[in-house]
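The values are calculated or read from the model by the stated rules, or taken from the named source; none is laboratory data. All values derive from a computational prediction rather than experimental measurement. Cβ atoms come from the backbone with ideal geometry, glycine included; neighbour counts cover every protein chain shown. With ligands, DNA and RNA removed, areas are computed over all heavy atoms of the protein, side chains included. Shrake-Rupley method; radii C 1.70, N 1.55, O 1.52, S 1.80 Å.
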Amino acid sequence: MHLIMFDIDGTLIKSNDFDSECFVYAVEDVLRITIDDDWSKYKNSTDAGILDEIIIQHQLQQKRDLIHSSVKIKFFEFIAKHLDTHQVLQVKGAMQFISKLRAINNVVITIATGGWKEAAEMKLKSAGIDISGIPIATSSDHYSRTEIMKLSEIKGGHNKYESKTYFGDAVWDKQAAEELGYNFILVGNKTCHNQTISDFSSVDDALNYIGL
């Protein structure tokens with residue numbers, strides 16, 4: 001079996017810009033502070049990990065659970081408001097590629113995202129990407145991207161894989177894949193990598209990089 005795992009924001013859907021804005025606004029609304037939106041500066045570039053680091057920086061650990069709950073609620077409100085007037089666009093060919101992979105018998109598809117689950121599901125639905133039956137692990141499960149990926153792998157339901165591939169768009173995706181020994185395929189041009197596709201219209205290239 002071949003495990004094929006996908007990030008979401010910037011990988012399957014074009015959502016990085018408004019997603020980041022909504023996160024910044026949510027934190028500002030709850031904590032009345034302005035945060036750095038260069039996610040590469042944070043130890044864990046996930047929603048939960050970034051928020052935990054902000055909480056520690058401002059010595060608010062005693063209010064952690066309340067802050068997480070409040071920021072999530074506000075973040076989901078901002079995401080929903082954006083989606084009321086804007087449709088999320090797929091990265092070209094994303095749904096068709098997933099459908100192609102679903103038809104291959106020796107492939108297991110999973111999703112591992114640094115975003116919170118509720119927001120991820122809202123954005124995917126807006127983009128018209130059907131992940132029914134596809135296991136998903138998110139920042140609602142863990143603050144660490146590598147742990148999220150491990151959980152996603154476990155949810156795939158197999159103990160052994162002939163290969164493990166992760167599609168992502170950012171340097172932290174590449175780093176996590178390398179740490180876990182995954183074959184990494186970069187979507188887009190936000191960082192440098194020897195296995196890169198501009199989008200999922202490059203089906204042959206993607207399948208070749210996977211080894212299928």
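Do me a favour and compute the ellipsoid semi-axes for segment 115-178 from its Cα gyration tensor, root of five times each eigenvalue, largest one first, whole Å. Write down the numbers at each step before the final one.
On the way: eigenvalues 77, 47, 30 Å².
Taking √(5λ) for each Cα gyration eigenvalue gives 20, 15, 12 Å.
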10 Å-binned pair-distance histogram of segment 93-212 (Cα, whole percent): 13, 46, 39, 2
Most fluctuating residue given options Asp130, Asp84, Asp52, as computed from a GNM of the chain linking Cα atoms under 10 Å: Asp84
Selected from Asn189, Asn159, Asn16 as most flexible by GNM, with the chain as the system and alpha-carbon contacts under 10 Å: Asn159
Accessible area (Å², 1.4 Å probe, nearest 10) - Leu66: 110 Å²
Calculated FRET value between Glu121 and Glu77, using beta carbons and R₀ = 25 Å, to 0.05: 0.95
Debye log10 I(q)/I(0) for segment 1-91, one point scatterer per Cα, at q = 0.13, 0.16, 0.19, 0.24 Å⁻¹: -0.49, -0.70, -0.93, -1.28
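When only the heavy atoms of the protein chains count and the probe is 1.4 Å, how do Trp39, Trp172 rank by accessible area, highest first? Before the final figure, lay out each step's value.
Values: Trp39 35, Trp172 55 Å².
Solvent-accessible surface, decreasing: Trp172, Trp39.
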Heavy-atom accessible area per residue - the chain, 1.4 Å, Å²: 49 Å²
Of every Cα-Cα pair in segment 92-141, the percent that sits beyond 11 Å: 70 percent
The chain, accessible surface, carbon-and-sulfur percent (1.4 angstrom probe): 46 percent
Projected label distance in nm at Ser40 and Thr196, using a 7 Å step from Cα toward the beta-carbon: 1.3 nm
In Å, descending, principal axis extents of the Cα set of the chain: 50, 36, 31
